[in-house]
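Here the structure comes first, spelled out in structure tokens, and everything after it is commentary.
The values are calculated or read from the model by the stated rules, or taken from the named source; none is laboratory data. Model, not experiment: these values are computed from the prediction. Neighbour counts are summed over all protein chains in view; Cβ atoms, including those assigned to glycine, are modelled from backbone coordinates with ideal geometry. To get the accessible areas, we keep the full protein, side chains included, count just its heavy atoms, and leave off ligands, DNA and RNA. Shrake-Rupley method; radii C 1.70, N 1.55, O 1.52, S 1.80 Å.
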There are 2 protein chains.
Amino acid sequence: MVGGDGDYSYAKNSSFQRMIIDAAKEMISESIFDKLDLKSLGFEDTCGTFKLADLGCSVGPNTFIAVQNIIEAVQTKYRADHQDYHQDSSSGLEFQVFFNDRHGNDFNTLFQTLPPSRKYFAFGVPGSFHGRLFPKSSLHFVHSSSSLNWLSKIPKEILDSRSPAWNKGSIICSGLVKGVSEAYSGHSAQFKNDTEAFLNARAHELVPGGLIVFVLFSLPNGVPMIDSNGGKLYGFLGSCLIDIATKGLIDEEKVDSFNIPVYFPTSEELKAIIERNGCFSIERMDKLPDPPLMRLKPSPESVASQIRAVFEGVVKEHFGYDLVDKIFTKFAENFIFDELIKEHNNVNLFVLLKRVIN
Amino acid sequence: MVGGDGDYSYAKNSSFQRMIIDAAKEMISESIFDKLDLKSLGFEDTCGTFKLADLGCSVGPNTFIAVQNIIEAVQTKYRADHQDYHQDSSSGLEFQVFFNDRHGNDFNTLFQTLPPSRKYFAFGVPGSFHGRLFPKSSLHFVHSSSSLNWLSKIPKEILDSRSPAWNKGSIICSGLVKGVSEAYSGHSAQFKNDTEAFLNARAHELVPGGLIVFVLFSLPNGVPMIDSNGGKLYGFLGSCLIDIATKGLIDEEKVDSFNIPVYFPTSEELKAIIERNGCFSIERMDKLPDPPLMRLKPSPESVASQIRAVFEGVVKEHFGYDLVDKIFTKFAENFIFDELIKEHNNVNLFVLLKRVIN
């Protein structure tokens, strides 16, 4: 994600991710009310520290909004559980919030934009959420929004021109599209490994009875990634790259070797990974209400800025700093909303897991 | 402190602070061995998370070295306590390390330079250590090196030309020097308030039996700040500012209103504040061995860089970016080591406190 608070920053270009957080708010509140057993977690009296983490937080404000939603839901639950106790029975409850993202995330901006009115202790946690980040049994709640689709790396075979999985001529590994199924299975295997690693790490870190809520893009059965809205956007970015390559400004080979490290699983695929892991019960797995994208119909420049805020890093790393402006300007020039975004055929999947008590 | 890893960065210009950390290493090990009662803190078997914080950490590598020293000492103590248990009895012990500094600290550099071989979970904690940073009873050990001399602010009366405490013509509030004793008592009152706030916050955050180790500059009784090595250096910086002002490049008034927010207490003064607070027992308060400054005799440029790494922020804020180079170049031009640093007449004071069990 692009750090800072400039025109192309994630902080200023993450309204789509914000819509997802807003859409999930109600489901998070319900989940906490129905499934968080505060008494069994040791919150029997008015004291204690509730520890939550937002994994893949990037920079604010989205992460601050998500965290505030969770805290309010826990307070509501706490008051409901202790209504016989005294009037403001959550007053002794303290919140410790861990904001996690990779080492390269702009934590300086994150820290400098922390809400001054926050009622929690704020911490930054640098590192990949595919590995351990926290001590054993040290968290009560984990949240992650729009982050688990990111792979920890591009599988080697996809970059190997001698491999049948070589993903030539496309920047996404789009699955179910004739000819690139091997590339998609490379991504699929990587997603499986990454998600297993994520679950194994969290299994150590969450207390028994602790919850994980995550939202990620998924595909309805039988819909190839390239036909989903997200896939179309990425495919369109790919077509802009090819456009620039045909004008001789980028080597075609450079475009061939570029892949977006993102994967959209089906809900069945995800379910199988979680069940095989065995450390969590699936308490809820539902489609999020569709964000009001069709109604808002953002301008081409706005869509280009949103895509840039997310992908500038990988684009810059691969094509070099000098081409970044050209690539995203081309994106805005060529983009026609109605042609690309016809229907909501990808799914924002809301998943609620509970750490089972072994 | 200057962030990043450039020529003027704190990371590259903190060898003096490193000497203090090295000098304190042995005393920290002894303190942990003699005064940390792991069993009473709940570390009775091979599991558990030892939680420590370095307050005012700036950026690495000094903070990483200090933290590693503490972890090794705790492991040694743990093995000694559990030698009848099994061979490597500290293997189940996990360490959670909190790196704290103000919001403006360069946490990005701190995180990107974390030692890859570290055996602890690393967290960044933005905020002033004069207030609460952690939940109740959530820390076992607090460390702070060369940070508690910094005041949270310059007291108003020192900046007020109508006040008897107005500190005209000097950038330090040097105490016991005729005519500026009011200014010094302004600093002194601020130091008292700040240290009390520090102790009150830590009293909440440390578990009973938890330890605080801090090192700070102090003055021997009867030695005015201006005669200490540190005071002389700051006073010399002040003379460079006046030099530049006489050339008309800075307004004299601008120099008059500049004060370094640093205070050197005497050990008696510090002891009185801690005793009045009442939440901590003073387990040790000793002079650190003098760092080998006289022998090393750093070059004027090196001294200027070290001073710049620490004070560039406050200098830039007050005089503006354009004058920073000029001020520290002047410092290097005018500086003569032997004239300034004649003897070790300031004291690095090592203080060990234990949270008393109320």
field: Cβ-Cβ under 7 Å pairs, at least 6 apart or on other chains, region A:300-313 side touching a residue at least 24 places away in the same chain (Cβ under 8 Å) and of a type in the set (Val, Ile, Thr), far side open to solvent by less than 10 Å² (accessible area, probe 1.4 Å) and in a helix (DSSP H, G or I)
entry: A:Ile307/A:Leu237; A:Ile307/A:Phe331
query: Hey, among B:Glu205, B:Glu253, which residue is charged (D, E, K, R), more than 16 Å from the chain's Cα centre (by Cα) and at pLDDT 85 or above?
result: B:Glu205
Condition broken by B:Ile212, with the remaining ones in (1) at pLDDT 95 or above; (2) open to solvent by 20 Å² or more (accessible area, probe 1.4 Å) satisfied: (2)
- request: Could you list all residues from region B:92-135 that are open to solvent by 20 Å² or more (accessible area, probe 1.4 Å) and either among the β-branched types (Val, Ile, Thr) or at the interface with chain A (Cβ under 8 Å from one of its Cβ atoms) (or both)?
  value: B:Glu94, B:His103, B:Gly104, B:Asp106, B:Asn108, B:Thr109, B:Gln112, B:Thr113, B:Phe121, B:Arg132
message: Can you name every one of the helices (runs of 4 or more DSSP H) wholly within region B:1-115 that holds 2 or more residues which are closer than 23 Å to B:Thr195 by Cβ and hydrophobic (A, V, I, L, M, F, W, C)?
response: B:15-35, B:62-81
statement: Here the residues within region B:58-84 that are under 25 Å from B:Leu110 (Cα atoms) and touching a helix residue (DSSP H, G or I) at 6+ places or on another chain (Cβ under 7 Å) are B:Val59, B:Gly60, B:Asn62, B:Ile65, B:Ala66, B:Asn69, B:Ile70, B:Ala73, B:Val74
query: Out of curiosity, is A:Ser89 more than 14 Å from every other protein chain (Cβ to nearest Cβ), at pLDDT below 95 and open to solvent by less than 10 Å² (accessible area, probe 1.4 Å)?
result: yes
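Matching residues to (1) at pLDDT below 85; (2) within 23 Å of A:Ser58 (Cα to Cα); (3) open to solvent by 60 Å² or more (accessible area, probe 1.4 Å):
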| position | (1), (2), (3) |
| --- | --- |
| A:Leu199 | no, yes, no |
| A:Pro220 | no, no, no |
| A:Ser228 | yes, no, no |
| A:Ile273 | no, no, no |
| A:Cys279 | no, no, no |
| A:Lys287 | no, no, yes |
| A:Pro291 | yes, yes, no |
| A:Met294 | yes, no, yes |
task: Specify which of the listed residues (B:Ile71, B:Ile65) is among the hydrophobic types (A, V, I, L, M, F, W, C), open to solvent by less than 10 Å² (accessible area, probe 1.4 Å) and more than 12 Å from chain A (Cβ to nearest Cβ).
output: B:Ile71
statement: Restricted to region A:5-20 and to residues being within 11 Å of A:Val59 (Cα to Cα) and of a type in the set (D, E, K, R), the residue surrounded by the fewest Cβ atoms within 10 Å (Cβ to Cβ) is A:Asp5
query: What's the number of the condition A:Leu52 fails, among (1) closer than 20 Å to B:Lys136 by Cβ; (2) within 14 Å of another protein chain (Cβ to nearest Cβ); (3) open to solvent by 10 Å² or more (accessible area, probe 1.4 Å)?
result: (3)
- prompt: Looking at region B:136-163, which of its residues are hydrophobic (A, V, I, L, M, F, W, C) and within 12 Å of chain A (Cβ to nearest Cβ)?
  reply: B:Leu139
query: Identify, please: which residue in region A:232-262 is of a type in the set (Lys, Arg) and over 19 Å from A:Val303 (Cβ atoms) and is, among those, least open to solvent (accessible area, probe 1.4 Å)?
result: A:Lys254
Subset of region B:26-44 [within 30 Å of B:Asn105 (Cα to Cα) and surrounded by fewer than 17 Cβ atoms within 10 Å (Cβ to Cβ)]: B:Glu26
